[in-house]
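To start, the structure itself, in structure tokens.
The values are calculated or read from the model by the stated rules, or taken from the named source; none is laboratory data. Fair warning: this is a prediction, and the values are worked out from it, not measured in the lab. Note that each Cβ is placed from the backbone with ideal geometry, even for glycine, and that neighbours are counted across all protein chains shown. Surface areas here come from the heavy atoms of the whole protein model, side chains and all, with no ligands, DNA or RNA. Shrake-Rupley method; radii C 1.70, N 1.55, O 1.52, S 1.80 Å.
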Amino acid sequence: MQKNTAGNRTPAPTAAEVTPRTAARELGLRPKELELAVQLGLVRSVPGAPSGPRRVPRAELERVRRTPDFPGGLRERVRVMGAGEGAALLDVSASRFARLARLGCFTPVSFYVNRYRTVVWLYLAQELRDFAENDQALRTGHLPEGLRAALEAGMDERARGWRSRRVLQLTRHAATPWERAAARASVLSEAVLAQAVPEPDERARLSALRPCLVETRSESEPTRRILEKLSHAEGEDEIRWHRLVLDAELEAARAAEPFRAAFPAPSARQISGPAGSGAGPEGHRRPEPGTARPVTTEGRRGRPRRRWLGLGRRSRKATARPATG
């Protein structure tokens, strides 16, 4: 048994569990498809070693393989598509698809930043098919006046919907009430978190446990700014909502496991960075599949490395081009 950053004991990996790469190969999926399957709850994973990724039990692999529509059904449930394919599936124009997406008629499940530093949203094919079957009125004719007014006012629910979806995915993998609270705090900026959680010790613990919403290995400063913006709640109503849910999770965590009884107060060495940075040896934990390192605007030495984000990829070149849906 090993201890994680919350002070809880994590079972050491055994032969009954396999790495995500091995699980993907045995299920006939690409690694990014397995990550999405884990995020969606289609494949169960368990915590691995404190310094390693989550692992997949062999019993879970057997369960998935026994499903009647395996392997085609699993691959179809993690199939994603961009705006072009999505518009073709719904039999609507690209502009119509973009308007429906901005209205929140369907929520992105992932995204990537292309070589033009444009955010390309990805949607589950099954959810688009469900929308096509159940909301045919919105696919043809004029949109209702209220929806048209919202679009003219700049409504765009894509980033907000994706953030809410990721937070729910992260809370599903939380093992303790404090980890659930940390997952809820993952979309709040450091400034907002400091207001929401004024107690320094509690805030430091949340920052140490807080997972990251996006994965990136890029050292490109413009791309990091894009990812940081997408990772944080925007607008008073969205921030207020996440703060309210965080307050409820914190109350549950305090009741179930009083903070000072469960964790010793972090020392200055353990919290060597700014409040909420999660810096220090006790605050470092490798993220689970589908999560990532914290996005910061501070550059690092060395040549930028190619990176993967969501289910797409980005080339090394970067030139300007208008945003796409």
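Things worth noting here:
- Qualifying positions in segment 164-179 - surrounded by fewer than 21 Cβ atoms within 10 Å (Cβ to Cβ) and of a type in the set (Lys, Arg): Arg165, Arg172
- Checklist (1) under 19 Å from the mean Cα position of the chain (by Cα); (2) at pLDDT 95 or above; (3) within 30 Å of Gln136 (Cα to Cα) applied to Gln39, failing item: (2)
- Residue ID - nearest to the chain's Cα centre (by Cα), chosen from residues in segment 141-155 that are under 24 Å from Leu89 (Cβ atoms) and without any contact (Cβ under 8 Å) to a residue 12 or more places away in the chain: Arg148
- Candidate set: segment 62-90, residues that are among the β-branched types (Val, Ile, Thr) and crowded, with 16+ Cβ neighbours inside 10 Å; chosen: the one farthest from Ser164 (Cα to Cα): Val64
- Scope segment 36-59; condition part of a helix (DSSP H, G or I), buried (at least 20 other Cβ atoms within 10 Å of the Cβ) and in contact with a strand residue (DSSP E or B) (Cβ under 9 Å, 6 or more places away or on another chain); matching residues: Leu36, Val38, Gln39
- From the list Val56, Val64, Val46, Val38, the lone residue that is of a type in the set (A, V, I, L, M, F, W, C), out of contact with any helix residue (DSSP H, G or I) (no Cβ under 7 Å at 6 or more places or on another chain) and free of Cβ contacts under 8 Å to residues at least 40 places away in the same chain is Val46.
- Any hit, segment 106-115, residues being touching a Ser or Thr at 6+ places or on another chain (Cβ under 8 Å), farther than 21 Å from Arg163 by Cβ and of a type outside the set (Gly, Ala, Ser): yes
- Count of segment 181-227 residues, restricted to those that are of a type in the set (Val, Ile, Thr), open to solvent by less than 20 Å² (accessible area, probe 1.4 Å) and not in a loop (DSSP other than H, G, I, E, B), is 2.
- Those residues of segment 91-123 which are open to solvent by less than 20 Å² (accessible area, probe 1.4 Å), aromatic (Phe, Trp, Tyr) and touching a residue at least 60 places away in the same chain (Cβ under 8 Å), in sequence order: Phe97, Phe111, Trp121
- Only one of the numbered conditions (1) in a helix (DSSP H, G or I); (2) over 13 Å from Arg184 (Cα atoms) is not met by Ile239, and that is (2).
- Evaluation of Ala208 against (1) modelled with pLDDT of 95 or more; (2) closer than 17 Å to Leu170 by Cα (one fails), failing number: (1)
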